[in-house]
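A short reminder: the numbers here are calculations on the coordinates, not readings from a lab. Please read these numbers as outputs of a predicted model, since none were measured by experiment. Neighbour counts are summed over all protein chains in view; Cβ atoms, including those assigned to glycine, are modelled from backbone coordinates with ideal geometry.
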Amino acid sequence: MKKSQFSEEQIVRILQAAASGEQSQSQLCREHGVSENTFYTWKRKYGGMQTQDVRRLKELEQENGQLKRLLAERDLEVDAVRSLLRKNGWALPHGQRERGL
């Protein structure tokens, strides 16, 4: 997906200007050089947010990505250990087979 030329904070400020009613949405779109479709996409994603909310959202998305990578690495390690145990002819203890470990 193409990176926006606007930061999330700038997008929120544009949306806040539209919500204040000082300018129409079409005027704001022309002034900032974005299409009305882009404006509505921003409004759907960032509508009602403040700048600190957007920063927190970005932090949470980064943390979520790190956790997903950690989980993927753990799953790969578990699969490697399982395949090694099967290759060597060892069976998992009965309790761990039921839990899916």
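Worth a mention:
- Subset tally (residues that are part of a helix (DSSP H, G or I) and loosely packed, with under 12 Cβ neighbours inside 10 Å) for the stretch 30-41: 2
- Matching residues in the stretch 5-29 - criterion: being touching a helix residue (DSSP H, G or I) at 6+ places or on another chain (Cβ under 9 Å), outside any helix (DSSP H, G or I) and within 16 Å of G47 (Cβ to Cβ): F6
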